[in-house]
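K.L.:
Pasting in a structure now, in structure tokens, and then I'll have a few things to ask.
The values are calculated or read from the model by the stated rules, or taken from the named source; none is laboratory data. Because the structure is a prediction, the values reported are computed rather than measured. Methodologically, a virtual Cβ is constructed for each residue, glycine included, from the backbone with ideal geometry; neighbour enumeration extends over all protein chains shown. These accessible areas exclude ligands, DNA and RNA; they are computed on the full protein's heavy atoms, side chains included. Shrake-Rupley method; radii C 1.70, N 1.55, O 1.52, S 1.80 Å.
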Amino acid sequence: MGHLSRTQTTFSPPVMEARRWLDGVTFSPDRPLINVSQAAPVDPPPETLRKVIAEAALNLPEAHLYGPVLGRPDLRAEVASQWGAAYGGAIMPEQVAITSGCNQAFSAAITALCSEGDEVILPTPWYFNHKMWLDMAGVTTVPLPTDDNLLPDPDAAKKLITDRTRAIVLVTPNNPGGVEYPADLVLGYFKLAQERGLTLIVDETYRDFDARSGAPHALLQEPDWDQTLVQLYSFSKAYRLTGHRVGAMVASTALLAEVEKFLDTVTICPNQLGQIAALWGMQNLSQWLAGERAEILDRRAAIEDNMPKLAGAGWKLMGCGAYFAYMRHPFEESSAELARKLVQEAGVLALPGTMFQPEGNPDGKRQFRIAFANVNREEVGLLFDRLAALRWPIAQA
């Protein structure tokens with residue numbers, strides 16, 4: 001095999017690939033496309049927030065200039081204050097970095113922690129952009145299979161640790177599985193990482209849509225938490241700021257000094273208007289966000305309410321929460337082929353489980369991710385009706 005560049009070591013972006021399946025396909029007005037492929041709100045931010053962005057663009061000259069590499073001090077301080085209160089721990093503003101989205105926060109953390117040939121443990125099904133970055137960074141992904149409830153076992157993780165392991169990554173609520181990891185499970189991973197001198201990266205992009213009340217874990221109450229924990233977050237989902245690219249990382253000041261080197265060479269600073277919007281959102285939109293959460297939880301309930309339609313047809317709901325339902329289908333063919341057929345035959349765009357599993361893993365062939373952030377209760381019913389009506393050959397038991 002010839003020389004491969006760093007980008008050639010990984011696969012094409014799955015969401016972009018899936019969008020290409022729509023090329024040349026027309027959908028009738030009486031059966032429009034149901035798009036459950038992407039986990040991002042498509043509606044714009046609320047008008048009050050759009051006005052804040054517009055006023056900043058018009059009246060704040062600094063909003064158009066480079067800002068600090070690690071983010072605006074006022075937003076870093078607000079994150080430290082609100083998260084400290086929410087998690088019952090102490091966070092200093094210097095332990096917060098603002099990034100150009102949560103994907104960049106992950107990339108920066110891995111780059112600051114790992115070198116070529118190091119290993120990172122990733123539960124499967126995984127978030128594909130995490131796998132892509134590890135590939136491009138020359139870091140070996142060590143898959144950690146999850147159980148029937150899509151939960152990763154710390155004892156199984158322990159067996160995968162080698163002298164090249166640098167980090168363990170958890171996403172909770174999970175993408176793609178939707179599962180909310182119990183607090184004691186997350187603590188078990190923290191203790192394991194602490195004991196073995198590893199970093200625990202916890203991606204909480206979807207924490208605003210966790211069905212549980214109160215803090216989802218108590219890691220920030222642990223003494224010297226910043227020597228083990230890196231916590232990641234996205235403002236995109238909470239305030240519909242996807243196009244503004246604003247995320248956050250909470251970590252030790254020593255690690256953030258390394259992260260700063262990466263960020264300075266990639267984006268120089270996070271988007272100023274996005275940061276201004278995120279700060280205003282944190283300070284003024286808590287009631288609005290509670291309504292957004294209630295709507296997402298209703299859509300999650302709609303998935304569970306409609307599940308009997310599919311259970312009778314041999315489907316299984318493996319996980320459900322945040323923006324996602326993760327399903328096991330009953331058909332003979334691989335989900336990789338069926339996903340394209342779904343577009344043609346059911347007017348549904350969904351991502352196959354093969355995009356979330358190691359290549360060749362048979363589990364991925366039987367799985368689909370349904371991202372329901374942009375389908376309401378009525379549309380969830382329509383989606384399940386279309387899936388239940390499929391008459392494809394069933395897999396042999």
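K.L.:
Report Rg/Rh for the stretch 103-154, rounded to two decimals, where Rg is the Cα radius of gyration and Rh the Kirkwood radius.
P.N.:
1.00
K.L.:
Additional query: Near TYR323, within a Cβ-to-Cβ distance under 10 Å, what is the net charge of the other residues, with Lys and Arg +1 and Asp and Glu -1? Walk me through the numbers on the way to the answer.
P.N.:
Working: positive: LYS237, ARG299, ARG300, ARG369; negative: none.
Result for the local shell: +4.
K.L.:
Report the rotationally averaged projected area of the stretch 322-397 based on its alpha-carbon convex hull, in square nanometres.
P.N.:
Directional mean of the projected Cα hull area for the stretch 322-397 stands at 5.3 nm².
K.L.:
By its C-alpha gyration tensor, with a ≥ b ≥ c as the square roots of the eigenvalues, how is the stretch 68-221 shaped: rounded for a/c under 1.5, else prolate for a/b larger than b/c, else oblate?
P.N.:
Judged from the Cα gyration tensor, the stretch 68-221 comes out oblate (a/c at least 1.5, b/c at or above a/b).
K.L.:
Rg over Rh of the stretch 281-320, using C-alpha atoms and the Kirkwood radius, what does it come to?
P.N.:
Answer for the stretch 281-320: 1.25.
K.L.:
In the stretch 297-397, what percent of the accessible surface is made up of carbon and sulfur (1.4 Å probe, ligands and nucleic acids excluded)?
P.N.:
Taking all protein chains in place, the stretch 297-397 shows 48 percent carbon and sulfur surface.
K.L.:
Then there's this: Could you bin all the Cα-Cα distances of the stretch 66-154 into 10 Å bins starting at 0 and give me the percent of pairs in each, rounded to whole numbers?
P.N.:
For the stretch 66-154, the pair-distance distribution reads 15, 33, 32, 20, 1.
K.L.:
If you don't mind, another one. For the ranges 217-230, 150-163, what's the packing order if you count other beta-carbon atoms within 10 Å of each residue, average per peptide, and put the highest first?
P.N.:
Order by mean packing, descending: 217-230, 150-163.
K.L.:
A follow-up question, please. Can you pick out the pairs among LYS191/LYS316; LYS131/LYS237; LYS131/LYS365; LYS131/LYS261; LYS158/LYS365 whose Cα atoms lie more than 25 Å from each other?
P.N.:
Listed pairs above 25 Å: LYS191/LYS316; LYS158/LYS365.
K.L.:
Please report, in cubic angstrom per residue, the volume enclosed by the convex hull of the alpha-carbon atoms of the stretch 46-97.
P.N.:
For the stretch 46-97, the hull spanned by Cα atoms encloses 87 Å³ per residue.
K.L.:
Could I ask something else about it? Could you grab the relative contact order for the chain? Cα pairs under 8 Å, six or more apart, rounded to a whole percent.
P.N.:
23
K.L.:
LYS309: which aspartates and glutamates have alpha carbons under 15 Å from its alpha carbon, excluding same-chain residues fewer than 8 sequence positions away?
P.N.:
Candidates past the 8-residue exclusion: GLU378, GLU379, ASP385.
K.L.:
In the neighborhood of ASN374, defined by Cβ-to-Cβ distances under 10 Å, what is the net charge if each Lys or Arg adds +1 and each Asp or Glu adds -1?
P.N.:
Charge balance in the 10 Å sphere: -1.
K.L.:
Starting at 0 and stepping by 5 Å, how many percent of the alpha carbon pairs of the stretch 130-204 end up in each bin?
P.N.:
3, 14, 27, 27, 20, 8, 1
K.L.:
Compute the length gained on full extension between GLU195 and PHE11: take 0.36 nm times their separation in residues and subtract their Cα-Cα distance, giving the result in nm to one decimal.
P.N.:
62.8 nm
K.L.:
Next up: Would you kindly calculate the translational diffusion coefficient of the stretch 1-111, applying Stokes-Einstein with the Kirkwood radius from alpha carbon pairs, for 4 °C and a viscosity of 1.567 mPa s, and quote it in µm² s⁻¹ without decimals?
P.N.:
Rounded to a whole number, D works out at 68 µm²/s.
K.L.:
Let me ask something additional. From the helices alone, meaning DSSP H stretches of at least four residues, give me the mean residue ellipticity at 222 nm for the chain, per-run term -39500 (n - 2.57), in deg cm²/dmol to the nearest 500.
P.N.:
When only DSSP H runs of four or more count, the value is -12500 deg cm²/dmol.
K.L.:
If you average 1/r across every pair of different Cα atoms in the stretch 272-383 and take the reciprocal, what Kirkwood value do you get, in Å? Write out the running numbers ahead of the final one.
P.N.:
On the way: mean 1/r = 0.0635 Å⁻¹.
That comes to 15.7 Å for the stretch 272-383.
K.L.:
If you don't mind, another one. Enter the per residue convex hull volume of the stretch 155-275, computed from alpha-carbon coordinates, in Å³ rounded to the nearest integer.
P.N.:
135
K.L.:
Could the peptides 301-308, 205-212 be put in order, highest first, of the mean number of other beta-carbon atoms found within 10 Å of their residues? Show your work: numbers first, answer last.
P.N.:
Details: 301-308: 16.6, 205-212: 20.9.
By packing density, highest mean first, the sequence is 205-212, 301-308.
K.L.:
Can you tell me the Rg and Dmax of the chain, counting just the alpha carbons, in angstroms?
P.N.:
Radius of gyration, then largest Cα-Cα span, for the chain: 21.0, 65 Å.
K.L.:
What is the local net charge at TRP392, summed over the other residues whose Cβ is closer than 15 Å to its Cβ (Lys, Arg +1; Asp, Glu -1)?
P.N.:
Overall, the nearby charge balance is +3.
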